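Let me begin by presenting the structure, written as structure tokens, before commenting on it.
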Amino acid sequence: MNLVLLPGFMTDSDLWTDMAAQLARVGAVHHGDLSRDAAIADMASRVAAEAPERFALVGFSMGGYVARAIARRAPERVRALVLIATSARADTRAQAARKAIAVAQVREQGFAGLSRGAILRSVHPERAGDIDLIARIRRMGDRLGGPVFLRQAGQARASDLDRLGAIRCPTLVVAAARDALRGLDEARELRDGIPGASLTVIDGSGHMLPLEAPDALADAIVPWLLAQASGASTIGS
């Protein structure tokens, strides 16, 4: 089964490096490019145009919004959907305000990389001193650069809670127990809104699940994907 991996805000394909061998057990791996567009709908159109004829989607954070848009747009092509550390909610006023301030600052002063504070909010508190992890997240942002930051931070994130019921493919929602950016209530909304979806919660990780807990994440999603590839049906909690 072909896999299309969709990264989150200011992350690139390195997000999945530590899971590459496990994901390859499912099938050929393709990386969706979310760096060239400024709206979720446009990202979804580009990924769908560049993807194989049929595929499973694995979307992390912002990539989860794109994955759901694709699943609604091309239901006959999407065999399965994995949503990691994501939400169906719109930006809150506070989130929108923070993004607007960051965009204005980058426009005026240039892009100097992701702030340490922003990176630390994305990881488990016990990983705050993990120099290698923090540097790895920063390098992804540096590789993408200012133009991508402006496109991704400048978009208004809309809710699709009222459209979750239109998703008909098998769906697995994965959440991190200590995610400071996306709460468990948001994961439960996804599970409850998508027909037949199941939810797995991984302990000991913050928002950056593919980097912080790659083995636990692979253990959660690879057997499930293999079951979908073989035609099995998995209905969880």
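The values are calculated or read from the model by the stated rules, or taken from the named source; none is laboratory data. For clarity, every value in this text was computed on a predicted model and none was experimentally measured. Note: ideal-geometry Cβ built from the backbone for every residue, glycine included; neighbour counts use all protein chains shown. For accessibility, only protein heavy atoms count, side chains too; no ligands or nucleic acids. Shrake-Rupley method; radii C 1.70, N 1.55, O 1.52, S 1.80 Å.
Any chance region 93-107 includes a residue that's surrounded by 13 or more Cβ atoms within 10 Å (Cβ to Cβ) and in contact with an Asp or Glu (Cβ under 6 Å, 6 or more places away or on another chain)? No, region 93-107 contains no residue that is surrounded by 13 or more Cβ atoms within 10 Å (Cβ to Cβ) and in contact with an Asp or Glu (Cβ under 6 Å, 6 or more places away or on another chain). Considering region 16-105, there are no qualifying helices (runs of 4 or more DSSP H) wholly inside with 3 or more residues that are over 27 Å from E189 (Cα atoms) and touching a residue at least 40 places away in the same chain (Cβ under 8 Å). When restricted to residues that are over 25 Å from I137 (Cβ atoms) and open to solvent by 10 Å² or more (accessible area, probe 1.4 Å), region 198-219 contains 1. Here are some residues: A51, A85, A80, A71. Which one is touching a strand residue (DSSP E or B) at 6+ places or on another chain (Cβ under 8 Å), at positive phi and either modelled with pLDDT of 95 or more or surrounded by 13 or more Cβ atoms within 10 Å (Cβ to Cβ) (or both)? That would be A85, the only listed residue that is touching a strand residue (DSSP E or B) at 6+ places or on another chain (Cβ under 8 Å), at positive phi and either modelled with pLDDT of 95 or more or surrounded by 13 or more Cβ atoms within 10 Å (Cβ to Cβ) (or both). From the list R127, R157, R121, the lone residue that is modelled with pLDDT under 95, of a type outside the set (G, A, S) and within 29 Å of A213 (Cα to Cα) is R157. Region 151-237 holds helices (runs of 4 or more DSSP H) entirely within its bounds, and those carrying 1 or more residues that are within 18 Å of L5 (Cβ to Cβ) map to 209-212, 214-229.
Going through (1) within 19 Å of L172 (Cβ to Cβ); (2) open to solvent by 10 Å² or more (accessible area, probe 1.4 Å); (3) touching a strand residue (DSSP E or B) at 6+ places or on another chain (Cβ under 7 Å) one by one, H31 falls short only on (1). Of the residues screened, L133 is one that is more than 16 Å from the chain's Cα centre (by Cα), surrounded by fewer than 20 Cβ atoms within 10 Å (Cβ to Cβ) and within 24 Å of V29 (Cα to Cα).
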